[in-house]
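Trainee: One structure, pasted below without further comment.
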Amino acid sequence: MTTTSEVDTGTGYGRPKPSYNARLREVGPGTPMGEALRRYWHPIASSETLVAGALPQKTRVLGEDLVVFRDGQGKPGVVIERCAHRGASLYYGRVEDDGIRCCYHGWKFDVEGRCIEQACEPALGRRRDAARQPWYPVQERYGLVFVYMGPPELKPELPRYDALENPAEDEKYFASWPVPHAAVLGMPADFNWLNMYENGADPVHVTWLHSTHSGFQMLGTGTFGYPESFFDPATIADRVTYERTDHGVKYIQRFEVEGEDGEVTEYGFAVEQHLPNIFGLPDYVKMTPDNPDQLLWLVPSDDTTNRLFFSIRTNDPERMVRFVIGITQNGKQNHELTDEERHRFPGDAEAQGSQGAITLDSVETLATSDRGVVMLRRMLLTMVDDVEAGRDPINIVRDPSVVHRTQSGLFTLGKRPAGDDADAPATAGI
């Protein structure tokens with residue numbers, strides 16, 4: 001007797017070739033997102049560590065190979081890496097008082113690409129004005145060097161953000177990673193920039209990845225930091241709200257803390273993303289309410305790599321230290337882990353990197369907890385549409401007096417006296 005079993009369903013056999021949304025994720029010259037991103041200023045180096053007269057630095061931004069330097073007079077410059085003369089890399093050039101000199105034949109260019117000397121030509125180059133090294137405009141703010149790589153006639157103002165404006169006399173900007181390989185040019189990562197930027201619209205990963213799955217990874221949890229209830233996966237869906245702002249997407253994760261006198265304070269852990277690639281983070285180690293003080297920029301190097309920059313306005317150097325080492329895995333920093341520990345206690349690097357060099361949009365299965373990610377993607381695509389239609393995209397600044405309001409940070413939402421139940425109205429908060 002022959003027995004016929006049911007046919008298996010849902011197997012991996014015969015599935016369509018997975019794909020990604022190139023309109024979102026490719027950033028090179030001429031691509032939809034690449035052209036949109038070129039309408040904005042992007043950090044390219046830390047001001048403090050880009051030392052005048054020091055060796056030039058080589059980097060990659062939006063699929064273009066660039067050299068960054070500060071001449072002997074202190075002016076920062078960004079030029080295309082390939083020398084306009086015979087193509088040698090200016091990374092091997094020599095920075096002088098008024099520019100950068102190519103190692104191959106001694107042609108020297110200033111920070112705006114003008115050829116100011118041709119060492120081996122008669123009269124140091126009678127026609128040197130005919131040579132121009134491709135360059136990009138730069139400005140400095142908040143401890144960072146910013147570059148603009150878009151159409152010159154559409155160059156906007158370099159934006160200002162209230163969280164970083166008006167530092168007190170004892171405050172400074174911390175904007176350089178305290179590790180040699182990232183100190184000048186930002187922290188590199190080997191995957192598409194949106195793997196990480198979309199993570200900023202995903203509070204649920206904090207509840208699961210940084211606590212339930214891998215153990216509490218944020219230093220201070222349950223003691224001087226956030227209470228364990230902040231990470232409760234059973235209540236997270238009811239404690240998070242998502243909304244659009246004037247500048248992008250924001251989520252607020254609410255939680256309560258009971259004081260020694262029994263008074264209950266409700267807080268909102270808010271992360272806002274300013275398109276195209278900026279987001280703020282509260283101090284996630286020490287609860288410091290009502291003092292937004294940090295922004296981060298995720299700058300695509302190319303389609304499959306990116307660099308992370310930050311600026312923190314503070315008078316407390318430990319604030320920067322908490323940001324840099326505030327998340328641990330099995331009590332260690334990521335670079336200290338064995339392969340087995342990464343397997344058992346994965347963190348952001350493992351989760352985001354394992355999505356692939358470019359995540360495959362066609363095989364995702366999105367759910368209610370991905371609402372923020374969906375909102376962000378739609379706004380990014382609208383940004384691309386605006387550029388293609390000849391309109392200024394979101395957050396382009398034409399008035400230098402404009403200061404963008406930032407809504408990232410830990411905020412006090414309200415208080416209720418000891419003994420009041422959770423449904424009682426709280427006192428007015430922010």
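The values are calculated or read from the model by the stated rules, or taken from the named source; none is laboratory data. For clarity, every value in this text was computed on a predicted model and none was experimentally measured. Virtual Cβ from ideal backbone geometry, glycine too; neighbours counted across all protein chains shown. Ligands, DNA and RNA are stripped out before the accessible areas are found, and what is left, the full protein with its side chains, is counted by its heavy atoms. Shrake-Rupley method; radii C 1.70, N 1.55, O 1.52, S 1.80 Å.
Trainee: Look through GLY268, GLY222 and report the one residue that is of a type outside the set (Val, Ile, Thr) and part of a strand (DSSP E or B). Explain how you work it out, then say what you get.
Mentor: Values: GLY222 fails: part of a strand (DSSP E or B).
The match here is GLY268.
Trainee: Can you work out which of the residues in region 374-409 that are touching a Leu at 6+ places or on another chain (Cβ under 7 Å) and not in a loop (DSSP other than H, G, I, E, B) is farthest from TRP41 (Cα to Cα)?
Mentor: Step by step, filter region 374-409, then rank; the result is VAL374.
Trainee: Could you identify the single residue in SER229, SER211 that is among the polar types (S, T, N, Q), open to solvent by less than 30 Å² (accessible area, probe 1.4 Å), at pLDDT 95 or above and not in a strand (DSSP E or B)?
Mentor: Details: SER229 fails: open to solvent by less than 30 Å² (accessible area, probe 1.4 Å).
Among SER229, SER211, only SER211 is among the polar types (S, T, N, Q), open to solvent by less than 30 Å² (accessible area, probe 1.4 Å), at pLDDT 95 or above and not in a strand (DSSP E or B).
Trainee: Answer yes or no: is there a residue in region 335-356 that is of a type in the set (S, T, N, Q), within 20 Å of TYR251 (Cβ to Cβ) and in contact with a Leu (Cβ under 9 Å, 6 or more places away or on another chain).
Mentor: no
This table checks each residue for (1) in a loop (DSSP other than H, G, I, E, B); (2) more than 20 Å from ARG60 (Cβ to Cβ); (3) not hydrophobic (A, V, I, L, M, F, W, C).
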{"site": "HIS105", "(1), (2), (3)": "yes, yes, yes"}
{"site": "CYS120", "(1), (2), (3)": "yes, yes, no"}
{"site": "PHE146", "(1), (2), (3)": "no, no, no"}
{"site": "ALA163", "(1), (2), (3)": "no, yes, no"}
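Table: residues versus (1) closer than 15 Å to GLU198 by Cα; (2) without any contact (Cβ under 8 Å) to a residue 60 or more places away in the chain.
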| position | (1), (2) |
| --- | --- |
| GLY347 | no, no |
| ALA367 | yes, yes |
| ARG371 | yes, no |
| MET375 | yes, no |
| THR382 | no, yes |
| GLY390 | no, yes |
| ASN395 | no, no |
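Trainee: Going by the structure shown, is THR265 touching a Ser or Thr at 6+ places or on another chain (Cβ under 7 Å) and farther than 27 Å from VAL27 by Cα?
Mentor: Details: touching a Ser or Thr at 6+ places or on another chain (Cβ under 7 Å): yes; farther than 27 Å from VAL27 by Cα: yes.
Answer is yes for this residue.
Trainee: Shifting gears a bit: Determine if region 235-245 includes at least one residue that is outside any loop (DSSP other than H, G, I, E, B), under 22 Å from the mean Cα position of the chain (by Cα) and among the basic types (Lys, Arg).
Mentor: yes
Trainee: While we're looking at this one, here's another question. Anything in region 246-265 that is surrounded by fewer than 18 Cβ atoms within 10 Å (Cβ to Cβ) and part of a loop (DSSP other than H, G, I, E, B)? List them, or say none.
Mentor: ASP246, GLY259, GLU260, ASP261, GLY262, GLU263
Trainee: Give region 266-282 a look and list any residue that's within 16 Å of the chain's Cα centre (by Cα) and of a type outside the set (A, V, I, L, M), or say none.
Mentor: GLU272, GLN273, HIS274, PRO276, ASN277, PHE279, GLY280, PRO282, listed by residue number.
Trainee: Based on what the data block shows, is PRO300 closer than 25 Å to GLY28 by Cα and either at pLDDT below 95 or open to solvent by less than 20 Å² (accessible area, probe 1.4 Å) (or both)?
Mentor: Against the criterion (closer than 25 Å to GLY28 by Cα and either at pLDDT below 95 or open to solvent by less than 20 Å² (accessible area, probe 1.4 Å) (or both)), PRO300 qualifies.
Trainee: Please find, within region 72-90, the residue that is farthest from ARG128 (Cα to Cα) out of those that are surrounded by 19 or more Cβ atoms within 10 Å (Cβ to Cβ) and of a type outside the set (A, V, I, L, M).
Mentor: For region 72-90, the residue satisfying everything is PRO76.
Trainee: Would you check if there is a residue in region 330-338 being assigned to a strand (DSSP E or B) and open to solvent by 10 Å² or more (accessible area, probe 1.4 Å)? Full working, then the answer.
Mentor: Going residue by residue through region 330-338, those that are assigned to a strand (DSSP E or B) are 332.
Still in the list and also open to solvent by 10 Å² or more (accessible area, probe 1.4 Å): 332.
Checked region 330-338: at least one residue is assigned to a strand (DSSP E or B) and open to solvent by 10 Å² or more (accessible area, probe 1.4 Å).
Trainee: Same structure, new question: Looking only at region 165-203, which residues are assigned to a loop (DSSP other than H, G, I, E, B), within 21 Å of LEU376 (Cα to Cα) and either among the basic types (Lys, Arg) or open to solvent by 10 Å² or more (accessible area, probe 1.4 Å) (or both)?
Mentor: PHE191, ASP202, listed by residue number.
Trainee: Restricting to region 39-57, name every residue that is within 16 Å of the chain's Cα centre (by Cα) and in a loop (DSSP other than H, G, I, E, B). Give the steps one after another, and end with the answer.
Mentor: Within region 39-57, the subset within 16 Å of the chain's Cα centre (by Cα) is 40-46.
Passing the criteria: only TYR40.
Trainee: Which residues, counting only those in region 104-129, are in contact with a strand residue (DSSP E or B) (Cβ under 7 Å, 6 or more places away or on another chain), open to solvent by 40 Å² or more (accessible area, probe 1.4 Å) and under 18 Å from LEU55 (Cβ atoms)?
Mentor: Once the filter is applied, which keeps residues that are in contact with a strand residue (DSSP E or B) (Cβ under 7 Å, 6 or more places away or on another chain), open to solvent by 40 Å² or more (accessible area, probe 1.4 Å) and under 18 Å from LEU55 (Cβ atoms), region 104-129 yields nothing.
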